[in-house]
Amino acid sequence: MASRTATKDIITLRGSAAIVSEFFGYAANSILYNRGVYPEETFAKVKKYGLPLLLTQDDGVKAFIANLTAQLTEWLESGKLQRVVLVIMNKATSEVQERWNFSIETDGEVVEKGVSREKSDKEIMREIQAIMRQIASSITYLPCLDEPCVFDVLAYTDKDVAVPFTWIESDPKLIANPQMVKLHSFDTKIHKVDTLVSYKNDEWDEQ
Amino acid sequence: MILRTPPPRKRRADSSPNPDRRLVIYEDPPAEPEQSHHHSEQMICTYQCRQMVKSEFLDALSSAEKQAHDSESKLASLRDELSKAEAERKKFRDQCFYTEQELAAAKGREQALQEQLLKEVNNSQQRLKKQIHSYSELEVKLQNEMNLRKKAESSAASAEEKASLLEGKLSHVSETREKETSRLQNELVQLKRESKFSVTRISADLERMECKAKNAEEESALLKEQLEELRKQLNKVTAPILPHVTIVFDLIILLHQCLKEKNEAERKLSSFATQELPPTETNILLKHLQEELRNYESEVREAQKLKSSHENTELLKEKLLEEKGRRERTESELLKVSEIQLTAKKLEDELSAWKLMMKDIPGVACPDDIPLKFASLQKEVLESMLKVGEANSRLKQIEIALDAAELGKRNAVSEAALANEKAELSKLETRRIELMLSSVTEERDRLKNAVDELRKIRNVEAGGEIVGGNVLQELESSLAKKEYHIKELESNLCEQKEVNNRQHSERKLLSERLNNEAKRIKSLEREGDRLRSEISLLESKLGHGDYSSSSTKVLRMVNTLAVDNEAKQTIEALQTELQKTREKLQAVEELKKQSADAGTLVDSYISGKTVQLKEQIATLEKREARYKTVFADRISVFRRACCELFGYKIVMDDHQRSDGIPVTRFTLQSIYAQSDDEKLQFEYESGNTSILANDYTSQPEISHQVEIFIRKLNSIPAFTANLTVESFNKRTLS
């Protein structure tokens, strides 16, 4: 995937897809922990990107995220993935509370011709680390989720993508008049990922 | 030097009457004697010619002087213009330097302000976060403590009341208990004595009764014999025997009664060491026995009372113990109350401190305002962040404009350098012109001197002709030179004028260019604002989640989590309900023993509910089993396909490393393997696959392949494919 050169590392399409899908897995876990979707005791600490991150130990959630990241890797390698959205909804009313939007721009030349790019691995890890820190600090301005919530993942793909048997077409689950906060982005020179969180206006803010 | 007697000159052959009044000097003949005669005539002619020449020369001189004066004045004006241009250039340069300095100062100030703002924003953010966190914690603590305090106070009050009541009761109960225990003890002692006496008495009575019973039996046997004899006698003599018969019957009846009483007495004796009543003293005995029975009954009652009092004492003891336990609990709670009071005081102090702090916070009157204030502060922080972003963008724009201004400045500097060069050139030109002027003035002075000399020579007429002719020639030549100089000066003047005009035009062009650049900068700024607003609009759309349905579709993974979780949750809920119903059933069964009616109703209700719950559990378990079977089927199909396509049986299991990171281990066995030991092990963790060393991979052939394909070429598929081919070859060859 990546081999070391003097100052920069060679990034291939496959390597970049693995980096992005792995990032999404860890980001999803971090969001589920920080937003309290699952209880704290169901998470275990691991070290990644130079930070202590929390991974769920629930078998069901683990399997779900593993299958998800495998499919995202496939779509990223084919250059068909445009966006991934993690949606947090009220369990009782199915009302959407938050949308964590990860937009992906793919370098078409790399997908068509199979060329590689150069970028330092450390630089990419630093960028991802900044995003993880921002996700952790988002609890200071995001409204509290008092009601029990569940999560779902939407993938925005090209129109000509074949739908796998574990996926179905869905509505985009939008929020009416959301508040939006743009977070940092990271770039592997093949895939550029922009992060943005939109959330429902809190009653306090409306007052 | 003009000769007094110039040499004779030859007449010019092609001379014509000169329109500009030039005099032709006739050649004197060579004859000397006629020289003096012609000399006077020539003197007259030359005087007139000289006069004419002088007048013409003077005119030419005056015109040359005028021209020189004009050129001087023009030179002066040029110099003035040059000085003005230099002054303007200096002024522009000073302005340029000043603007540069201002720009640098503004940049530095802006950077410092930005840094300060960022620091302040970060500090305020951190402070806000800490304060919010601490506020929320404190609020929760406060509420908990208040609730606890209230509960504790109420419980303490009730406990105090109970304790006081219980103490009173306790004291009363203890007193009564003591009294009763003493009384009961006395009674017990008495009863023991009495019972001993009664036991001894009863045993004596029993012996007596036994003897009496024996006697009664013997008597009854005798009586039976008598009866039989009497019957025999009766048979013989009925009439006189009747009273005897009645007596016998009475005796029989008495006997029967005695037997009954004996049985009763035996029964009574079995409970009080059996007694038998003699037939003769029956009534008295009966009475006595009845009295005794009554006594015994009274004693039994007393014993029962004793027993009940014993039980009461035991109950009272238990109550005492309970009350003691309650007392201890109330005492501990009282201690806790005191601790809670201390904590409440501390909290009150903290509250007052926070209230004082709240007063310091502007715009906050009560605790409810704090979250609003925080929300408003957060909004302000967000707005300030937005403003900071906008300021950054403006800074960048200003930097771009600065760069453009610097470029313009460089261009202006270069142009100023060019203008300087031109000014220097013009300076040189003016110097040259000055030199020329000085030469011209020298010539003029020289000519003036010549004129003076001519005048002097005019006064001395002798030998002046040749000198005048020479002087005239010199004057003509000098005039020609002067005219040439004047022409040169005029041409220089024209050039200078042209240069000045060019500089004016260049200045105008530069100012026009500056105006155009300024307009362009403004238009660029407007475009930048427009683009920024467009970007923000697009970002808002992106964030909102809008998409084009012609090129994009939204897919969602089927969330088996929710279904499984729901099933698990319902199963757990049903299991808890089952346990509860089982407990209820047990309680009901116990109640059933006491009352059958209530038990039947509850039984039916509980049984119906348990049936329902069991059915639900069964359906959920069936569903779970179905999911598992489907998944197992698909997985087995996938595994078989992988095995047949790639030639490896893959076994996957999860492990945890010593550092806590979960990893997945894959064990691969080739279908062409010749033994079960030929297994490859790989470890997969967050996208990275690595081979694990074992006995099989430590073999030289395999380790060589691992070295080449995995370590050097970094390709596991190539390694496995190569291994498959090699093992296939081995298998087929063998």
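For region A:70-207, just say rounded, prolate or oblate: build the C-alpha gyration tensor, square-root its eigenvalues into a ≥ b ≥ c, call rounded for a/c under 1.5, and beyond that prolate if a/b exceeds b/c, oblate if not. Working shown, then result.
Numbers: a/c = 2.65, a/b = 1.45, b/c = 1.83.
Verdict is oblate for region A:70-207.
Using θ = phi - 60° in the Karplus curve 6.51 cos²θ - 1.76 cosθ + 1.60, the 3J(HN,Hα) couplings for region B:551-556 round to 10, 9, 9, 9, 10, 10 Hz; x is entered for Gly and Pro. Using a 1.4 Å probe over protein heavy atoms, the accessible area lost on pairing B with A, summed over both chains, comes to approximately 3900 Å². Accessible area per residue for region A:2-206, computed on protein heavy atoms with a 1.4 Å probe, is 46 Å².
Which whole number gives the average, over all residues in B:677-689, of C-beta atoms from other chains lying within 10 Å of the residue C-beta?
Details: counts 0, 0, 0, 0, 0, 0, 0, 0, 1, 8, 10, 3, 0.
So the per-residue partner count for this stretch is 2.
Think of each Lys and Arg Cβ as +1 and each Asp and Glu Cβ as -1; about the Cα centre, that makes the dipole of region A:2-206 roughly 840 debye. Packing-based ranking of B:651-659, A:106-114 yields A:106-114, B:651-659, ordered from highest to lowest mean Cβ neighbour count within 10 Å.
Relative to the dominant Cα principal axis of chain A, helix A:13-34 is inclined by about 20°. Annotation: peptides B:332-340, B:614-622, ranked by per-residue average of other Cβ atoms within 10 Å with the highest first, follow the order B:332-340, B:614-622.
The C-alpha atoms of chain A define a longest principal axis, and helix A:59-78 lies at about 40 degrees to it.
Ordering B:222, B:182, B:168 by the projection of their Cα atoms onto the charge dipole of region B:132-230, which places +1 on the Cβ of Lys and Arg and -1 on the Cβ of Asp and Glu, puts B:168 at the extreme positive end.
Across the options A:163, A:63, A:179, the greatest Cα extent toward the positive end of the charge dipole of chain A (unit charges at beta carbon of Lys, Arg, Asp, Glu) belongs to A:63. Calculated mean residue ellipticity, 222 nm, chain A: -10500 deg cm²/dmol, from DSSP H runs (n ≥ 4) at -39500 (n - 2.57) each, averaged per residue and rounded to 500.
Return the average number of partner chain Cβ atoms within 10 angstrom of each residue Cβ along peptide A:137-146.
Numbers: counts 2, 0, 1, 9, 7, 0, 0, 1, 0, 0.
What the average comes to for A:137-146 is 2.
Simple point charges give the picture: +1 on the Cβ of Lys and Arg, -1 on the Cβ of Asp and Glu, and for region A:26-82 a dipole about the Cα centre of about 220 debye.
Per-residue Cβ counts within 10 Å, from other chains only, averaged over A:13-20: what number is that? Could the numbers behind the result be given before it?
Details: counts 0, 0, 1, 0, 1, 3, 1, 0.
What the average comes to for A:13-20 is 1.
Dipole size of region B:483-548 about its Cα centre, with +1 on Lys/Arg Cβ and -1 on Asp/Glu Cβ: approximately 280 debye, rounded to the nearest 20. Amide H to amide H, with H built 1.01 Å from N, residue B:364 comes under 5 Å of no residue 5 or more places away or on another chain.
Against the longest principal axis of chain A, how steep is helix A:121-137, in degrees 0 to 90 to the nearest 10, with axes from Cα atoms? That helix lies at roughly 0 degrees to the long axis.
Backbone phi angles across region B:93-106, fed through the Karplus curve with coefficients 6.51, -1.76 and 1.60 (θ = phi - 60°), yield HN-Hα couplings of 5, 4, 4, 4, 4, 4, 5, 4, 4, 4, 4, 4, 4, 4 Hz in residue order; Gly and Pro are listed as x.
In summary, the lysines within cross-link reach of residue B:584, defined as a Cα separation below 23 angstrom excluding same-chain residues under 8 places away, comprise B:592, B:593, B:609, B:614.
Taking all protein chains in place and a 1.4 Å probe, what share, in percent, of the accessible surface of region A:2-206 do carbon and sulfur account for? Provide the component values of the computation, followed by the final result.
Numbers: 4600 of 9430 Å².
Heavy-atom surface of region A:2-206 belonging to carbon and sulfur, 1.4 Å probe: 49 percent.
Candidate cross-link partners of residue B:162 among the lysines, defined by an alpha-carbon separation under 26 Å and a same-chain spacing of 8 or more, comprise B:150, B:151, B:179, B:317, B:319, B:324, B:336. Computed from backbone phi with θ = phi - 60° and the Karplus coefficients 6.51, -1.76 and 1.60, the 3J(HN,Hα) list for region B:696-709 is 5, 6, 7, 5, x, 5, 5, 5, 4, 5, 4, 4, 6, 6 Hz; x is used for glycine and proline.
The values are calculated or read from the model by the stated rules, or taken from the named source; none is laboratory data. For clarity, every value in this text was computed on a predicted model and none was experimentally measured. Note: ideal-geometry Cβ built from the backbone for every residue, glycine included; neighbour counts use all protein chains shown. Calculation scope for accessible area: heavy atoms of the full protein, side chains included, ligands and nucleic acids excluded. Shrake-Rupley method; radii C 1.70, N 1.55, O 1.52, S 1.80 Å.
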